[in-house]
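Worksheet: one structure, shown below.
The values are calculated or read from the model by the stated rules, or taken from the named source; none is laboratory data. Note that this is a predicted model, so its numbers are computed, not measured. Reconstructed Cβ throughout: ideal geometry from the backbone, glycine too, with neighbour counts over all protein chains shown. The area values use the complete protein model at the heavy-atom level, side chains included, leaving out ligands, DNA and RNA. Shrake-Rupley method; radii C 1.70, N 1.55, O 1.52, S 1.80 Å.
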Amino acid sequence: FQGIFVLGLPYALLHSGYGGLFLIVSAAALCCYTGKILIACLYEENEDGQLVRVRDTYEDIANACCRKLSPRLGGIFVSVTQVTELIMTCVLYLVVSGNLLSHSFPHVPVTEKTWSVMAFVALLPCVFIKTLKIVSKLSQLCSLVHLLIILVVMTYCLTQIHRWSWAKFRLSLEFEDFLVSVGVIIFSYTSQIFLPTLEGNMKNPGEFSCMLNWTHFFACVLKTSFALTAFLTWGEETKEVITDNLPSLLQTLVNLCLLTKALLSYPLPFFAATEILYACISGGSRSNYGSPLCALGVRGSFLLITLLMATFIPHFALLMGLTGSVTGAAMTFLLPSLFHLKLKWKKLSLSEKCADISVFILGFLCSIAGLVCSIKGLLEVFG
């Protein structure tokens with residue numbers, strides 16, 4: 001939940017004002033809710049009225065909903081959507097790594113693309129990752145690095161408390177600027193594509209709902225505190241990535257920490273994507289690779305594809321926004337609410353049905369608005 005995009009939250013507040021603070025809180029509640037209903041779709045009641053896990057993945061849920069149309073149609077759609085988003089996420093980490101290295105060592109005569117290749121070399125051991133347990137340990141280190149970054153930035157902001165002023169918050173909003181903020185805030189909470197695997201690997205899956213409540217609560221508190229202190233410090237001078245506002249020496253130190261975080265963040269989407277790809281290729285279950293050589297081939301090919309995309313795709317940020325507007329909204333809001341309504345309609349109360357329908361409508365509107373803004377940006381760039 002505390003990804004690199006958190007560093008853009010102060011900039012989101014610049015464009016959304018008090019509405020942005022409300023969005024940070026409401027987005028946490030919405031994403032927590034859709035995570036719970038998605039996991040609920042994995043279970044069905046048996047003859048004794050007990051909940052039994054009859055599905056294992058997001059694709060299984062989609063296949064169950066689309067069974068009358070085609071046994072595998074839903075799963076194929078979800079797999080393509082998941083892999084697209086995961087590939088873009090991995091590519092983004094490589095692009096960010098190259099950008100951070102070039103800004104940290106500006107006097108070294110090396111291009112950003114070359115720095116990205118160097119970051120790629122550091123990620124080569126990812127081809128040997130076989131279990132989620134290894135990924136979880138890397139993610140734990142990533143979280144510690146991120147907390148260090150947040151601590152450094154917030155400590156600096158607290159030393160500038162004499163500059164703070166609530167007058168910096170805007171009351172009037174420009175619609176397009178507000179949409180940008182909506183995208184940044186909502187998609188900083190998205191995790192739905194990882195949740196079925198995560199819940200299935202928990203020692204006690206019964207604690208999943210409690211875990212989701214607490215993680216979203218603490219994520220919300222941390223995001224609000226960080227965004228608020230940073231924005232109150234720099235106000236109208238707040239930059240897209242808040243670390244760019246820091247003094248040069250501190251900025252270099254934080255950039256190197258961010259680089260470490262980006263490299264440690266890569267294995268999670270990488271592992272998830274390669275598991276999906278191998279399941280599609282083999283037609284078997286994930287994590288049960290029939291051939292070690294085949295497993296290395298899938299992981300190595302995926303790693304190389306992300307490098308090529310990071311090196312050759314122009315205007316990646318806009319393409320990422322375009323992809324995120326479609327896949328992010330679909331995986332986070334549209335599909336969980338739609339699947340929940342489809343599979344649990346007879347057992348849902350009126351209030352639960354209304355909640356799911358409301359979430360679906362909200363996700364649809366966010367997706368359309370983000371799509372329009374991203375396409376508009378691409379058209380402006382390409383003249």
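Restricting region 65-87 to residues that are buried (at least 22 other Cβ atoms within 10 Å of the Cβ) and in contact (Cβ under 8 Å) with a residue 24 or more places away in the chain, the residue that is nearest to L303 (Cα to Cα) is L86. Of all the numbered requirements in (1) modelled with pLDDT of 85 or more; (2) within 30 Å of L307 (Cα to Cα), C65 misses one, and that requirement is (2). For beta carbons closer than 8 Å, sequence separation of 6+ or different chains, a first residue in region 270-288 that is closer than 17 Å to L307 by Cβ and assigned to a helix (DSSP H, G or I) and a second that is of a type in the set (F, W, Y) and at pLDDT 85 or above, the qualifying pairs are F270/F302; A273/F302; T274/F302; L277/F302. Residues in region 157-185 that are β-branched (V, I, T), at pLDDT 75 or above and open to solvent by less than 70 Å² (accessible area, probe 1.4 Å): V182, I185. Beta carbons closer than 7 Å, at least 6 apart along the sequence or on distinct chains, never pair a first residue in region 121-133 that is on the phi > 0 side of the Ramachandran plot and among the hydrophobic types (A, V, I, L, M, F, W, C) with a second that is at pLDDT 85 or above and surrounded by fewer than 17 Cβ atoms within 10 Å (Cβ to Cβ).
I'd like the full set of residues that are of a type in the set (V, I, T) and modelled with pLDDT of 90 or more, limited to region 200-253. I'd like the intermediate steps shown before the answer.
Keep residues of region 200-253 that are of a type in the set (V, I, T), which gives 215, 221, 224, 229, 233, 238, 241-243, 252.
Across region 200-253, the qualifying residues are T215, V221, T224, T229, T233.
No other residue among A227, A262, A219 is closer than 14 Å to L7 by Cβ, under 17 Å from the mean Cα position of the chain (by Cα) and open to solvent by less than 10 Å² (accessible area, probe 1.4 Å) apart from A262. Regarding region 24-31, can at least one residue be identified that is farther than 26 Å from D244 by Cβ and without any contact (Cβ under 8 Å) to a residue 40 or more places away in the chain? Yes: region 24-31 contains one or more residues that are farther than 26 Å from D244 by Cβ and without any contact (Cβ under 8 Å) to a residue 40 or more places away in the chain.
Among the residues of region 344-383, those identified as modelled with pLDDT of 85 or more and of a type in the set (K, R) are K344, K346, K347, K353.
Checked against (1) closer than 14 Å to I150 by Cα; (2) surrounded by fewer than 23 Cβ atoms within 10 Å (Cβ to Cβ), G235 passes all but a single condition, namely (1). A count restricted to region 92-103 and to residues that are over 24 Å from the mean Cα position of the chain (by Cα) and either under 22 Å from P267 (Cβ atoms) or surrounded by fewer than 17 Cβ atoms within 10 Å (Cβ to Cβ) (or both) stands at 0.
Residue-wise test of (1) under 24 Å from L253 (Cβ atoms); (2) assigned to a helix (DSSP H, G or I); (3) touching a residue at least 24 places away in the same chain (Cβ under 8 Å); (4) open to solvent by 50 Å² or more (accessible area, probe 1.4 Å).
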{"site": "L14", "(1), (2), (3), (4)": "no, yes, yes, no"}
{"site": "G35", "(1), (2), (3), (4)": "no, yes, yes, no"}
{"site": "E47", "(1), (2), (3), (4)": "no, no, no, yes"}
{"site": "D56", "(1), (2), (3), (4)": "no, no, yes, yes"}
{"site": "N63", "(1), (2), (3), (4)": "no, yes, no, no"}
{"site": "C90", "(1), (2), (3), (4)": "no, yes, yes, no"}
{"site": "K113", "(1), (2), (3), (4)": "no, yes, yes, yes"}
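For region 124-142, the tally of residues that are among the small types (G, A, S) and open to solvent by 40 Å² or more (accessible area, probe 1.4 Å) stands at 1.
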